[in-house]
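Contents: one structure, followed by commentary.
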Amino acid sequence: MKVVTLQNKREYSILRRHPWIFSGAVATVEGDPCAGDTVQVKAADGTLLGMGAYSPESQIRVRLWTFEASEIDTTFINSRIAQAISGRSIFLAEGATNAFRLVNAEADGIPGLIADRYGEWIVCQFTTAGAERWKKEIVEALQRYSPCKGVYERSDLDVRTREGLPPLMGVLAGEAPPERIEIVENGTRYYVDVLQGHKTGFYLDQRDNRAMVKRYANGLDVLNAFSYTGGFGVAAVTSAAASVTHVDLSEPSLALARENTALNTCHVEESTFICGNVFEVLRSFRDAAKTFDMIILDPPKFADSKGSLMKAARGYKDINLLAMKLLRPGGLLATFSCSGLMTSDLFDKVVSDAAVDAKRDFQVLKRLQQAEDHPEGLCFPEGLYLKGLFCRVM
Ligand code: SAH
């Protein structure tokens, strides 16, 4: 049997049902497990704590599959996938959205697996040795419980190198997806490039927040900063925003934003697409005394290590301060951070500091987070990465 025994008194987090064991907590490893092998996890006194996937190259040496003495086999994988997918049946029942996350890693009891459904296709990321080990069984289970035309892999992520895994992309089952998959999200249509787009192709986690922007956008001049392929701005267009200005560094993303606008309306002339750095574009708007009724700030992850957190906080404060100054009285700001390291408290502080410097009063209409198909484990706070504030300036 393969067994990982913890150092004395290092079982606390596992008893709290947190699934990660860091290398420093490990006392001994028996049975010579390979990457992805299932190991029993024991406390220093020999008590069995659960079963996990071994990852010899990662700082997270073991990720627990379960806190019981279960067998980890095809039946186990099947039941976890079936449970995850049945939890998303409301999306199929409602029919308003045909792109949603089927499996969200730790929160669904399958560390290292992301599986997103885009229309008739499933796009997956395998980020850990444990998920990689069970890839074949996972792909079969996904097809069984969420029948599709094909399963495509987008494991082209940097985090895989920390697990000693190479980047991989390609068809895992069925047909290859087309270059663009057309999806519908709460009545808004988007083309998604699952072959080359960010993540698995689209920021599905922002669905509810896009719906909220859509509720308010009627008649407003909207600035969609960090637009990617249009996301928020196209949703605003579909509820008759007066104008939408998209800003992104990426020309190909803006090209798709333009197509997504045309897909939803014939009034493409009310949308503007600016290829540039948001920090500079916001300054140029300030200098030109340009103002907006609604601003969305959805930047990429500014912090990816604890060391970069304070620099990231300054970046968030800068863009929020600049945006706040561009808002007309009564204007709305939807501001986000997708850095897991940026806690809600710190984000509140950064945004309120920006309001102080802007010398403007804001009310928070709503606190925002990732959509419900991206659940966080109750005992796994790392799972809440996206947070946002929807504010109105007085
Ligand atoms: N809101 C989008 C997702 C945004 S992802 C949606 O709902 O789909 C973040 C985007 O920010 C990426 O498209 C990236 O190209 C862009 N980006 C990153 N840094 C930038 C910068 N300094 N200025 C402008 N765009 C930037």
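A single member of ALA93, ALA69, ALA99 is under 28 Å from PHE202 (Cα atoms), among the aliphatic types (A, V, I, L, M) and surrounded by fewer than 16 Cβ atoms within 10 Å (Cβ to Cβ), and it is ALA93.
Among the candidates PHE336, PHE390, the residue that is buried (at least 17 other Cβ atoms within 10 Å of the Cβ), in a strand (DSSP E or B) and in contact with a Gly (Cβ under 6 Å, 6 or more places away or on another chain) is uniquely PHE336.
Restricting attention to region 334-357, the residues that are away from the ligand (no atom under 14 Å from the Cβ) and either of a type in the set (Asp, Glu) or closer than 19 Å to ASN277 by Cα (or both) add up to 4. Residues satisfying the criterion are absent from region 197-213 (criterion: near the ligand (Cβ under 9 Å from one of its atoms), more than 16 Å from the chain's Cα centre (by Cα), surrounded by 22 or more Cβ atoms within 10 Å (Cβ to Cβ) and free of Cβ contacts under 8 Å to residues at least 60 places away in the same chain). The C-beta contact set for region 161-177 (first residue touching a residue at least 60 places away in the same chain (Cβ under 8 Å), second residue assigned to a loop (DSSP other than H, G, I, E, B) and small (Gly, Ala, Ser), distance under 7 angstrom, 6+ apart or interchain) comprises ARG162/SER58; GLU163/SER55; GLU163/SER58; GLY164/ALA35. Tallying residues that are without any contact (Cβ under 8 Å) to a residue 60 or more places away in the chain and either within 23 Å of PHE232 (Cα to Cα) or within 12 Å of the ligand (Cβ to nearest atom) (or both) within region 292-311 yields 3.
When region 231-253 is filtered for residues that are surrounded by 24 or more Cβ atoms within 10 Å (Cβ to Cβ) and more than 7 Å from the ligand (Cβ to nearest atom), the ones remaining, listed by number, are GLY233, VAL234, ALA235, ALA236, VAL237, ALA241, VAL244, HIS246.
Where a number appears in this text, it was derived from the coordinates with a stated rule and is not lab data. These figures come from a predicted structure and were not determined experimentally. FYI the Cβ positions are ideal-geometry reconstructions off the backbone, even for glycines, and counts take in every protein chain you see.
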